[in-house]
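**Student:** Structure provided below as structure tokens; questions to follow.
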Amino acid sequence: MILEEDVSVLTNKPEAFKPIFEVSALYIHVEGHFLYLQKADNGSFQGQWSVPAGKTEEGESLEKALLREVFEETGILLKDFQFLKSLYVCYPEFDFIFHPFISKWSKRPDVRLSSEHKSFSWLPLSKAKKLDLIPGGRQIIEELFN
């Protein structure tokens, strides 16, 4: 089990950084609230929370990975989104690059969860930080929104 205190989230690429994958992620913003998904009890990070996200496949652009992952996990078809900034995430056993995007909506879109998740919630970031987030989740919020 990876603990929050064992994870580093950095804005600059560290010297010995060797990412084994890249992740595209989406912060869906509606009137001060963001969509968070709770992982199912049958995969990695069981029961923990995160925004819609997933690994890019070989040869896939960050944007295509984002569109695919958001649709697969939530059933939401994205139209408008902006890139925020890449973050370098160091877990004890591996490193990866986190590419967050934001999409602002005037009303909450319908969410249809895949089998990867068991629940979802719309929360202000202050409450999202109190969830059992995947390791690095709080640090990512701090880097992106403070």
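**Student:** Take the residues in the stretch 118-145 that are of a type in the set (Asp, Glu) and outside any loop (DSSP other than H, G, I, E, B); name whichever of them is nearest to Ser86 (Cα to Cα).
**Tutor:** Applying the filter and picking the extreme gives Glu143.
**Student:** Follow-up question, since we're still on this one. Which pairs have Cβ atoms under 7 Å, sit 6 or more apart or on different chains, and link a residue in the stretch 39-51 that is closer than 14 Å to Ser114 by Cβ to one that is exposed (fewer than 15 other Cβ atoms within 10 Å of the Cβ) and among the hydroxyl-bearing types (Ser, Thr, Tyr)?
**Tutor:** Ala40/Ser115
**Student:** Shifting gears a bit: Looking at this structure, is Gln82 surrounded by fewer than 15 Cβ atoms within 10 Å (Cβ to Cβ), without any contact (Cβ under 8 Å) to a residue 24 or more places away in the chain, closer than 18 Å to Phe145 by Cβ and out of contact with any helix residue (DSSP H, G or I) (no Cβ under 8 Å at 6 or more places or on another chain)?
**Tutor:** yes
**Student:** Would you please name the residue that is surrounded by the fewest Cβ atoms within 10 Å (Cβ to Cβ), looking only at residues in the stretch 28-56 that are closer than 16 Å to Val89 by Cβ and not hydrophobic (A, V, I, L, M, F, W, C)?
**Tutor:** The qualifying residue surrounded by the fewest Cβ atoms within 10 Å (Cβ to Cβ) is Ser44.
**Student:** Further question: Can you tell me how many residues in the stretch 1-24 are over 25 Å from Glu58 (Cα atoms) and of a type in the set (A, V, I, L, M, F, W, C)?
**Tutor:** Matching residues across the stretch 1-24 total 4.
**Student:** Among the residues of the stretch 87-113, which ones are surrounded by fewer than 14 Cβ atoms within 10 Å (Cβ to Cβ) and among the small types (Gly, Ala, Ser)?
**Tutor:** Hit for the stretch 87-113 is Ser106, nothing else.
Read-outs: derived from the displayed coordinates by stated rules, not from any lab. What you are looking at is a predicted structure, and each value in this text was computed from that prediction instead of being measured. In this analysis, Cβ positions are derived from the backbone assuming ideal geometry, glycine residues included, and neighbour counts consider all displayed protein chains.
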